[in-house]
Amino acid sequence: GGIMLDPEAIGRVSDRLIPEAFYISAHKDIYQAVQRLHCSGKPTDLLTVTAWLTDHNLLVRIGGRNKLATLVDRTVSAVNIDTLAELVMDKFVRRQLIKAGNEIVHLGYETETELPQILDQSEQKVFQLSNQTLSSNTEHNSTINVAAYEDLNSGNPIYPTGLHELDNLMVGFESGTLTIVAGRPSMGKSQIALFLALQMILLHNLPVVIFSLEMTKKQLEYRLWSLISITNAYKHLELTPLKSDRIRRHRSGNKPLADWEFTSIAKIVGVASELPLYMNDSRGITVSQIASECRQIKAKEGKLGLVVVDYLQMMAEDSGGNRSYELGDVARGLYKMAGELDVPVLALSQISRGVEGRQNKRPMMSDLSQSGILEMVADNIILAYRDEYYNPDTTDQGILELIMAKARHGETGTATVFFDKSYGIIQNLR
């Protein structure tokens, strides 16, 4: 009634009130009608709404002209329209909570389903409620195109990596996408991922979580210290460059740290402790457990800028089954998780040994281990190649090629950057 009385009212509630929130189906139809009119730039007064419902053969279904007139007659003004919209949404979410609770009760009795799967499904139901997402994701295009237009000025941008040539190809990390960085062992995949994670924090102040199935959290932390020690953002602290293997040499007693090195490391520790960075080194972690951890971090931080998984093959269970199917399940699970949590996921992957037998050892997309499913689900596939690994005398010393083999929303090509493996730092060449 308030919407049909006040032409400004729909604009105050359309972004928070959804048609499904109305319990009475007639009210849902009427609200959808005013949404469509609003999206078309037309007024939402009684006459226009009546005409629209008539044209779309919905007037009789909602109760006729008398129904609309009664709604308007019962409404004094639209001054409290915001509060009323919140009340409708409140009752809707409560009904959804009751429904989810009943579904969780039934899940609890499904003894043939494994408990981790039950817990993950239960957590998903509550998480969807907390984010007010619907079980039905089918929308009319009028709703979608308004949301897409609003995204142009919203807080959901694509975040550049800061590597100019790479950003020219893939633009940046976009929520809901899966990016795979693949390469042979010792190509620097983990260091690339750590660098990109730090870029998301430094450039965009976004929280990041790293799931490391290969290195422990402390090993990863030492690499982070090394990267921080040579990062331009901290140049003003006059830090002493700390090579990646420096801490290991100290711990082995081979070359103990000097006092001046400890002083610099203390500064690095102070910087690192302030970063919105989370790490998990559970070796047997599953996709559902990763999703659960990410939900908790997102709830705590309010957003999540990047999820790094190092690496895919370590997550595929070696249970004597078809490893290709197992890897496919992991990749599909991460892709689904990216969409569900609306976060970008960066997963690392090995490539097959076949590249070693070729004269040109630059990897191709077909070199991905069990490549078929990875090619299908990934939005971006980046293949890492360093010529100096195979040809120590090459003129391309310190050059890292990031070969964009697939870019669903960008362009394929090769981004060439400088890479110092001693510190894990990556820099633009121009």
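The values are calculated or read from the model by the stated rules, or taken from the named source; none is laboratory data. If you're wondering where the values come from, they're calculated on a predicted model, not measured in any experiment. All Cβ positions, even for glycine, are placed from backbone atoms using ideal geometry, and neighbour counts span all protein chains on display. Protein only, heavy atoms only, side chains kept; ligands, DNA and RNA dropped before computing areas. Shrake-Rupley method; radii C 1.70, N 1.55, O 1.52, S 1.80 Å.
One table, with the values for the structure above:
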{"quantity": "Accessible surface, 1.4 Å probe, highest first, among residues Val60, Val88", "calculated": "Val60, Val88"}
{"quantity": "Under Karplus coefficients 6.51, -1.76 and 1.60, residue-wise ³J(HN,Hα) of the stretch 218-229 in Hz, glycine/proline x", "calculated": "5, 4, 5, 5, 4, 5, 5, 4, 4, 5, 4, 4"}
{"quantity": "Cut-off under 5 Å, modelled amide H: who pairs with Met279 long-range", "calculated": "Ile210"}
{"quantity": "HN-Hα J in Hz across the stretch 7-20 - Karplus 6.51, -1.76, 1.60, θ = phi - 60°, x for Gly and Pro", "calculated": "x, 8, 5, 4, x, 7, 10, 4, 7, 10, 10, 9, x, 5"}
{"quantity": "Kirkwood-based shape ratio for the chain, expressed as Rg/Rh from alpha carbons", "calculated": "1.07"}
{"quantity": "Helix-only CD estimate at 222 nm, as mean residue ellipticity for the chain, using -39500 (n - 2.57) per DSSP H run (n ≥ 4)", "calculated": "-14500 deg cm²/dmol"}
{"quantity": "In Hz, Karplus ³J(HN,Hα) per residue of the stretch 89-98 (6.51, -1.76, 1.60; θ = phi - 60°; x = Gly, Pro)", "calculated": "5, 4, 5, 5, 5, 5, 5, 5, 5, 4"}
{"quantity": "Cβ-placed point charges (K, R +1; D, E -1), dipole of the stretch 331-389 about Cα centre in debye, nearest 20", "calculated": "220"}
{"quantity": "Antiparallel DSSP beta bridges within the stretch 271-430, as percent of all bridges there, nearest 5", "calculated": "85"}
{"quantity": "22 Å Cα-Cα reach of Lys255 towards lysines, excluding residues that sit fewer than 8 places from it in its own chain", "calculated": "Lys218, Lys243, Lys267, Lys421"}
{"quantity": "Over the stretch 189-293, relative contact order from alpha-carbon pairs under 8 Å, at least 6 apart, %", "calculated": "41"}
{"quantity": "Estimated FRET transfer efficiency when R0 is 30 angstrom, pair Lys303-Thr414 (beta carbons, to 0.05)", "calculated": "0.40"}
{"quantity": "Magnitude of the charge dipole, the chain, Cβ model with Lys/Arg +1 and Asp/Glu -1, debye to 20", "calculated": "400"}
{"quantity": "Rough spin-label spacing in nm, given labels placed 7 Å along Cα→Cβ, for Lys336 and Glu274", "calculated": "4.1"}
{"quantity": "Surface share of carbon and sulfur [accessible, 1.4 angstrom probe, percent] for the stretch 1-55", "calculated": "53"}
{"quantity": "Which of Thr70, Thr161 is most accessible, then next, and so on - probe 1.4 Å", "calculated": "Thr70, Thr161"}
{"quantity": "Under 5 Å, built H, 5+ apart or other chain: amide partners of Asp396", "calculated": "none"}
{"quantity": "Heavy-atom accessible area ranking, 1.4 Å probe, most first, across Asp393, Asp310", "calculated": "Asp393, Asp310"}
{"quantity": "Lysines with Cα under 19 Å of Lys91, excluding same-chain neighbours fewer than 8 positions away", "calculated": "Lys28, Lys99, Lys125"}
{"quantity": "Per residue, in Å², the accessible surface of the chain once ligands and nucleic acids are set aside, probe 1.4 Å", "calculated": "53"}
{"quantity": "Approximate spin-label separation Glu123-Glu214, in nm, with each point projected 7 Å along Cα-to-Cβ", "calculated": "2.5"}
{"quantity": "Simple label model, 7 Å out from Cα along Cβ direction - Val72 to Ser142, nm", "calculated": "1.8"}
{"quantity": "Under 5 Å, built H, 5+ apart or other chain: amide partners of Ile425", "calculated": "Asp420"}
{"quantity": "Positive-end extreme of charge dipole, the stretch 337-391 - chosen from Val343, Asn391, Met364 (charges on Cβ)", "calculated": "Asn391"}
{"quantity": "The stretch 379-430, accessible surface, carbon-and-sulfur percent (1.4 angstrom probe)", "calculated": "44"}
{"quantity": "Stretch gain in nm, segment Tyr390-His27, where the contour uses 0.36 nm per residue and the Cα spacing is subtracted", "calculated": "123.8 nm"}
{"quantity": "Residue-span extension gain [Asn168 to Ala233] - 0.36 nm each, minus C-alpha spacing", "calculated": "21.1 nm"}
{"quantity": "Two-site FRET efficiency, His56 against Gln289, from Cβ-Cβ distance with R₀ of 51 Å, rounded to 0.05", "calculated": "0.60"}
{"quantity": "Per-pair calculated FRET efficiency, R0 = 35 Å: Leu257 and Ser186 via Cβ, rounded to 0.05", "calculated": "0.85"}
{"quantity": "For the stretch 364-403, alpha-carbon Rg over 2.2 N^0.38 Å", "calculated": "1.46"}
